[in-house]
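The values are calculated or read from the model by the stated rules, or taken from the named source; none is laboratory data. Worth saying up front: this structure is predicted, and the values here are computed from it rather than measured. Cβ placement follows ideal geometry from the backbone for every residue including glycine, while neighbour counts extend to all protein chains displayed. The protein model used for the area step is the full one, side chains on, heavy atoms only, and it has no ligands, DNA or RNA in it. Shrake-Rupley method; radii C 1.70, N 1.55, O 1.52, S 1.80 Å.
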Amino acid sequence: MEKGSRILIAGHRGLVGSAIRRGLEHQGYTNLVLRTHSQLDLSDREAVRAFFREEQPEYVFLAAAKVGGIFANNSYPAEFIHDNLEIQTNVIDACHRSGVNRLLFLGSSCIYPKLCPQPIKEEYLLTGLLEPTNRPYAIAKIAGIEMCWSYNRQYGTRFLAAMPTNLYGPGDNFDLAKSHVLPALIRKVVEAKSTGSKQVTVWGTGQPRRELLYNEDMGDACIHLMNLPDLVFDGLIAPDVPPLINIGTGNDLTIRELAELVSKVLGFDGELVFDTSRMDGTPQKLLDVSRINALGWKAVTSLEEGILKTYLSARSQLELAPR
């Protein structure tokens, strides 16, 4: 990408999109194309096509999506498959119609089978059953990968799908009904400290393992991929394999260990109580990140550092949140 290239970030106010925007601005990119949902509804096919015809973006980061944790995914499955299919179908097709140079479609590690060999390689896609609690969202993202692959094969487009592990960081969602595990733990610990409670309840057994990636690192990875030399980038979208690459740290820990680390970082010395009536979700989903590491990118933010930065970025919001 040239510094003056027209770069669309779809979902620029979200957890990943905002990190991509900050990363691009920090690196001196000056021609970012940004629209809020009220300015452009990505589920409106004709509006999306008209927007692409008018704006003619050269590079597109598709970070817009309906996302949520295990409770939200299990409560609103229809919205998770419907909304995500609409958004990605409209944007991917519009990228083809307008001749976008490169598209980076962002998904999630939940696309892989629930009982996948660890660490998870890109070729394990569609080799087993999905985790039921997030299957609608995962199927939507798998459809996005297949759509990128199909357009590449039929039309010669250059669409790549990047699958990050569990993300967290500044701008995260701390609503307990919608959040992922780490922001939920941060909020619970902050609330326990502010009320003087000596207990924090953690959903599940605490035994599942999770890999976590700081969103600023994810943003850097996305920009790194979009800036790969043509021969290297085109090698990732070969016609005989899905145009898919994992993004993560290559390390994981149990939910119990994560809760203990959050308690340590935020200075909570009370008891962790595990509610085993709640769902655990996928036992483990550690990504094999050897492919992106070989391309010159590695995560740099430690989990302890990332937890502290995430808390500090949202401290006033968390302390004023209704209980």
From the residues in region 206-237 that are of a type in the set (A, V, I, L, M, F, W, C) and not in a helix (DSSP H, G or I), which one is nearest to residue 280 (Cα to Cα)?
212
Find the helices (runs of 4 or more DSSP H) located wholly in region 1-101 whose residues include 3 or more that are farther than 25 Å from residue 217 by Cα, open to solvent by 30 Å² or more (accessible area, probe 1.4 Å) and at pLDDT below 95, and list them.
70-75, 77-98
Given the conditions (1) touching a Cys at 6+ places or on another chain (Cβ under 7 Å); (2) open to solvent by 10 Å² or more (accessible area, probe 1.4 Å), which single one is not true for residue 243?
(2)
Looking at (1) over 30 Å from residue 3 (Cβ atoms); (2) surrounded by 23 or more Cβ atoms within 10 Å (Cβ to Cβ); (3) not β-branched (Val, Ile, Thr), can you tell me which one residue 219 breaks?
(1)
Sort out which residues of region 116-151 are among the acidic types (Asp, Glu), part of a helix (DSSP H, G or I) and at pLDDT below 95, and write them in order of number.
none
For residue 188, indicate whether it is in contact with a Leu (Cβ under 8 Å, 6 or more places away or on another chain) and of a type in the set (Lys, Arg).
yes
Residue check for residue 256: touching a residue at least 60 places away in the same chain (Cβ under 8 Å) and either crowded, with 21+ Cβ neighbours inside 10 Å or not β-branched (Val, Ile, Thr) (or both):
no
Taking the options 273, 300, 262, name whichever one is under 24 Å from residue 222 (Cα atoms), of a type in the set (Val, Ile, Thr) and at pLDDT 95 or above.
300
Looking only at region 288-305, decide whether some residue is open to solvent by less than 80 Å² (accessible area, probe 1.4 Å) and farther than 25 Å from residue 122 by Cβ.
yes
So which residues in region 104-115 are in a helix (DSSP H, G or I) and either closer than 17 Å to residue 208 by Cβ or not hydrophobic (A, V, I, L, M, F, W, C) (or both), if there are any at all?
109, 110
